[in-house]
Amino acid sequence: MLMSNPWPAVLGRTVLASLALLVIGAAAGVPWLLLAAAVGLLIYNLAQIHRLERWLRASRKRRPPRGRGLWGHVFDGLDRQQLRQRQRRQRLVDLLRRFREGANAMPDGTIVLSDTGDMQWWNQLASRYLGLRWPQDRGQRIANLIRHPDFAAYLERGDWTAAVKIPSPQDNRRTLEIRIVPYGSHQQLLLARDISELHRLETMRRDFVGNISHELRTPLTVLQGMSEQLADMDELQADDLERPLALMDQQIERMTRLVDDLLLLSRLETERPTEERGLVNIAEMLADVAEEARALSNGQHRISSTVDESLAVAGDDEELRSAFSNLLSNAVKYTPAGGRIDIRWFEASGAACLAIADTGQGIPAHHIPRLTERFYRVDSGRATRQGGTGLGLAIVKHVLSRHGGRLEVNSEMGVGSTFTAVFPVYERLEASSRSVGELGD
């Protein structure tokens, strides 16, 4: 808001007052009256200047002193200037707060750099990804805090059209993609994105291609060898065909299991679960699966079951049967002869749980997080001898996920392992059917 010019009125009043004093002084014969008025005006102005100076220097009051006439306009003008400054400062504070909130909401770690690489500001994700401390690290050069060779080479090249991938200085399991974007006047923006999941999926894809190639190449090589051997024989006798045909049948069965598991896993990953699901009587299913496990064990293991027959879950019967069968067959395959396998279906901590415990050799702790990856094996040679496809636990993981459950693995070397399927959502059957069944060997 523009102020009106007070000077015409002030000058007019001063001239009129001076003329009046001259007339009055001449009539009364007091010529020094004008001088006395001038001195009084000077004292008044000095007093107002003193009030202003004291307010600027020592007063804690936000608003300037009040006044009349020209000084009233001065004080009011200062008040308005202060108000505009406060409003402007508040807008800047609000803008800065919104900028910081927006930067903290970004999915990337963000660092504002000077043209020399000095860090001026960063958001919370940048602190988490790169271990930066505010304000201790402010003004530090980014090259002094991130010393990975690939990042140093990236800075030296100065080619900001590409990005660089490095492990996080805070966590080697986290992979970061770092990109620098020039902006503003001699400033740069460093963006750090967490691509750990993409990196893991890419690694899994490469491993999958390599593993599936190896899994298919082995039986095909055997089939090709047997075929060439038979082709080189001049005369074929029944005894000559017995071993080649057995080997060929074994490898064909192996490829069939592999293809079936791949198709099942693909269906579990791509198809939506059916919306209408009936209750599955887990107790009856486990009885059948346990019998299959005993047949697979051929009397080499002690297999016992403790089942709460009143517990049931809603889901797909075939999918759950496949998951439970994979868990139990793994326990049979990887438990030495004479070992024990315990099957328990029970309620614990507000969930229905299927625990399959064995007395095998155990699993090293660093292998456990990757057990459900496709074709991941703790002992690839032993797994091949056992005839597994390497997809069993991946199938279990996806089946449980489709039923709102999860897989928990606990293992101790030399003691054994326990695989537990946890179903947070479950139901109990009618009271008449509630019982706990125990099946021995």
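The values are calculated or read from the model by the stated rules, or taken from the named source; none is laboratory data. This one's a predicted model, so the numbers in the text were calculated from it and none came from an experiment. Reconstructed Cβ throughout: ideal geometry from the backbone, glycine too, with neighbour counts over all protein chains shown. These accessible areas exclude ligands, DNA and RNA; they are computed on the full protein's heavy atoms, side chains included. Shrake-Rupley method; radii C 1.70, N 1.55, O 1.52, S 1.80 Å.
Rounded to the nearest 20 debye, what is the charge dipole size of region 262-366 about its Cα centre when +1 sits on each Lys and Arg Cβ and -1 on each Asp and Glu Cβ?
Magnitude of the dipole: close to 580 debye.
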#### Entry: At 1.306 mPa s and 10 °C, Stokes D of region 90-201 from Kirkwood alpha-carbon radius, µm² per second
109
### Message
Just want to confirm a number: the relative contact order over region 74-191, from Cα pairs under 8 angstrom separated by 6+ residues, in percent.
### Response
22
### Query
Which lysines have a Cα less than 28 Å from the Cα of Lys333, not counting those fewer than 8 places away in the same chain?
Lys397
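Any chance you could run the full-extension gain for Glu269 through Asn281? It's 0.36 nm times the residue separation minus the Cα-Cα distance, nm to one decimal.
1.9 nm
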### Task
Taking the dipole about the Cα centre of region 54-189, with the C-beta of Lys and Arg at +1 and of Asp and Glu at -1, give me whichever of Leu78, Ser114, Gly184 is farthest to the positive side.
Leu78
### Message
List the trypsin sites (Lys or Arg not before Pro) within region 88-142 that DSSP assigns to loop and that have no more than 15 neighbouring Cβ atoms inside 10 Å.
### Response
Arg133, Arg138
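What full-extension length gain, to one decimal in nm, is calculated for Ser349 and Thr256 as 0.36 nm per residue of separation minus the Cα-Cα distance?
Numbers: separation 93, 0.36 × 93 = 33.48 nm, distance 4.03 nm.
Here the segment from Ser349 to Thr256 would lengthen by 29.4 nm.
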#### Entry: Computed E for His366/Glu202 - FRET, C-beta separation, R0 30 angstrom, nearest 0.05
0.90
## Note on the structure
Pseudo-spin-label distance Val425 to Gln90, built 7 Å along Cα→Cβ, given in nm, is 5.0
### Query
With N residues in region 75-126, what two-decimal value do you get for its Cα radius of gyration over 2.2 N^0.38 Å?
1.67
### Message
In region 58-83, whose amide N lies under 20 Å from the spot 7 Å out along Cα-to-Cβ of Leu41? List them in ranges.
### Response
67-75
### Query
Using a basic spin-label model with each label point 7 Å from the Cα along Cα→Cβ, how many nm lie between Leu216 and Arg243?
3.0
### Summary
Computed from every Cα-Cα pair in region 276-324, P(r) in 10 Å bins starting at 0 and rounded to whole percents is 24, 49, 23, 4, 0
### Summary
Here FRET efficiency (C-beta to C-beta, Ser227 to Ser401, R₀ 30 Å, nearest 0.05) is 0.10
### Summary
Rounded to the nearest 10 Å², the 1.4 Å probe accessible area of Tyr154 is 0
### Summary
Note: Arg147 to Ser114 extended length (0.36 nm per residue) minus current alpha-carbon separation gives 10.0 nm
### Query
Arg128 to Glu292: FRET efficiency via 1/(1 + (r/R0)^6), r the Cβ-Cβ distance, R0 51 Å, to the nearest 0.05?
0.55
## Note on the structure
Checked against the positive end of the charge dipole of region 258-313 (+1 on Cβ of Lys and Arg, -1 on Cβ of Asp and Glu, about the Cα centre), the farthest of Val280, Leu262, Ser304 is Ser304
## Note on the structure
With all protein chains present, region 309-381 has a carbon and sulfur share of its accessible area (1.4 Å probe) in percent of 49
